[in-house]
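Since the structure comes first, as structure tokens, the remarks are kept for the end.
Coordinate-derived values only; no laboratory data. If you're wondering where the values come from, they're calculated on a predicted model, not measured in any experiment. As a convention, Cβ positions derive from the backbone with ideal geometry for all residues, glycine included, and neighbour counts pool all protein chains shown.
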């Protein structure tokens with residue numbers, strides 16, 4: 001151990017893991033990437049990338065491949081349960097000088113990242129145990145294989161096994177929402193991000209290109225319904241336009257609980273967490289992918305001058321990474337909780353406030369994220 005270049009293992013080949021692999025390759029490092037699941041396409045789902053995600057993709061040199069995908073989003077429209085306007089956020093002004101906002105199929109972003117990461121992902125490979133060595137990490141895989149690395153990066157999501165194995169934290173905590181996702185083809189014509197706000201529930205739709213609409217809805221609670229489609233219709237059939245037509249056009253709906261991860265530290269020895277494994281929140285602000293992409297940029301920058309695995313260089317780089325990232329991820333967590341608390345406010349009290357100040361209130365949730373990384 002201790003030679004050049006650093007031997008790095010990334011566990012997880014989702015958005016966070018592939019973004020880190022891409023960022024590390026850009027600074028001359030060649031990580032191994034493993035994924036416990038077999039290669040498979042994403043479920044039919046969409047993704048909204050705010051301006052700070054576009055900036056991170058630009059830093060990763062992937063803005064070009066992403067540019068033809070999906071659809072640009074110029075404003076966010078908030079409506080009440082009846083479908084009447086509450087407020088708008090004009091995204092060009094909010095993210096001026098940072099980046100464009102885009103909605104696209106999740107699978108298309110994943111393909112761009114997979115190509116950009118280079119190298120080969122080892123699928124069906126799972127870490128069963130680690131040994132924290134003085135200058136590295138010993139890894140035992142569940143198939144009995146072993147290896148040693150200078151650094152292990154846990155990018156395995158909110159349910160991270162690396163977080164547990166490295167004694168960085170236990171299971172993710174429920175964030176108190178059940179979310180529903182589906183894609184509509186041939187539905188009503190919708191050109192902007194549009195959300196209808198109820199009490200303890202909301203319904204969001206956005207265009208993701210190719211005549212497709214991504215529908216995302218949530219309700220307060222933790223119990224998953226036996227029939228997500230039936231529950232979605234039960235909740236949202238009373239909502240105003242365009243929800244009824246979207247419900248009629250939805251063929252397949254998936255439901256899942258949202259999780260939150262809040263840790264005292266992100267690294268232990270030569271093991272570090274990125275993305276949802278370190279700081280998952282409810283997806284209310286659409287910052288999950290953006291935070292993972294930013295993590296990748298900053299971690300690679302922090303490691304770029306670390307030519308040797310000796311003399312505490314890796315540990316110092318991990319400390320720099322965490323100190324730069326924590327203020328932003330903490331902001332996202334706190335603003336997410338703030339916005340989620342408005343779900344419990346009666347629409348009779350909330351809606352007049354949003355009609356007067358909603359655009360400014362919702363735009364303020366992103367203020368810190370406009371600043372450079």
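Would you mind calculating the relative contact order of region 203-311 from Cα pairs under 8 angstrom and at least 6 residues apart, reporting the percent as a whole number?
Relative contact order here is 15 percent.
Stretched out straight at 0.36 nm per residue, the stretch from residue 43 to residue 27 would grow longer than its current Cα-Cα span by 2.5 nm. Take every Cα pair under 8 Å whose residues are at least 6 apart in sequence, average their separation, divide by the length of region 1-137, and the relative contact order is 35 percent. What is the log10 of I(q)/I(0) for the chain, computed with the Debye formula using one identical point scatterer on each Cα and no solvent, at q = 0.07, 0.08 Å⁻¹? For the chain, the Cα-only Debye profile gives -0.31, -0.41. Orientation-averaged projection of region 76-152 equals 10.5 nm² [convex hull of Cα atoms, one quarter of hull surface area]. Its Cα gyration tensor gives region 92-247 an equivalent ellipsoid; the semi-axes, largest first and in whole Å, are 39, 21, 15. For the pair residue 360 and residue 167 in one chain, pulling the backbone fully straight at 0.36 nm per residue adds 65.4 nm over the alpha carbon distance.
Nearest-5 percent of antiparallel DSSP beta bridges in the chain? Could the numbers behind the result be given before it?
Values: 51 of 68 bridges.
The antiparallel proportion sits near 75 percent.
Approximating the spin labels as points 7 Å out from Cα along Cα→Cβ, the residue 315-to-residue 346 distance works out to 5.7 nm. The value given for region 134-204 is a Kirkwood hydrodynamic radius of 17.1 Å, derived from the mean inverse Cα-Cα separation. Taking the Kirkwood radius as Rh and the Cα radius of gyration as Rg, region 161-255 has a ratio of Rg/Rh equal to 1.08.
Label-to-label distance, residue 90 versus residue 323, with points set 7 angstrom from Cα along the beta-carbon direction: 4.0 nm.
Reducing region 294-348 and region 111-134 to their Cα centroids gives an inter-centroid distance of 21 Å. Normalised by residue count, region 64-106 yields a Cα convex hull volume of 87 Å³ per residue. Hey, quick one: spin label on residue 304, modelled 7 Å out along Cα-Cβ, who in region 9-31 has an amide N within reach, i.e. under 12 Å? The answer is 23-29.
Where the alpha-carbon atoms of region 30-135 are placed on the principal axes, they occupy 57, 32, 31 Å, in descending order. Helical content alone sets the calculated 222 nm signal of the chain at -10500 deg cm²/dmol, taking -39,500 (n - 2.57) per DSSP H segment of four or more residues and averaging over every residue. With a simple spin-label model that places each label point 7 Å from the Cα along the Cα-to-Cβ direction, the separation between residue 252 and residue 63 comes to 3.5 nm. Diagonalising the gyration tensor over the Cα atoms of region 240-293 and scaling each eigenvalue by 5 before taking the square root yields semi-axes of 35, 11, 10 Å, largest first. The spacing between region 137-172 and region 202-247, judged by their C-alpha centroids, is 36 Å.
Taking only the alpha carbons of region 29-78, we obtain Rg and Dmax values of 14.8, 45 Å in that order. Mind checking the angle between helix 313-341 and the chain's longest principal axis? C-alpha axes, 0 to 90 degrees, to the nearest 10. Between the helix axis and the principal axis of the chain, the angle is about 10 degrees.
Global dimensions of region 273-355 from alpha-carbon coordinates: Rg and Dmax equal 17.8, 62 Å.
Hey, what did the chain get for relative contact order, percent, Cα under 8 Å, at least 6 apart? Reported as a whole number, the value is 23 percent.
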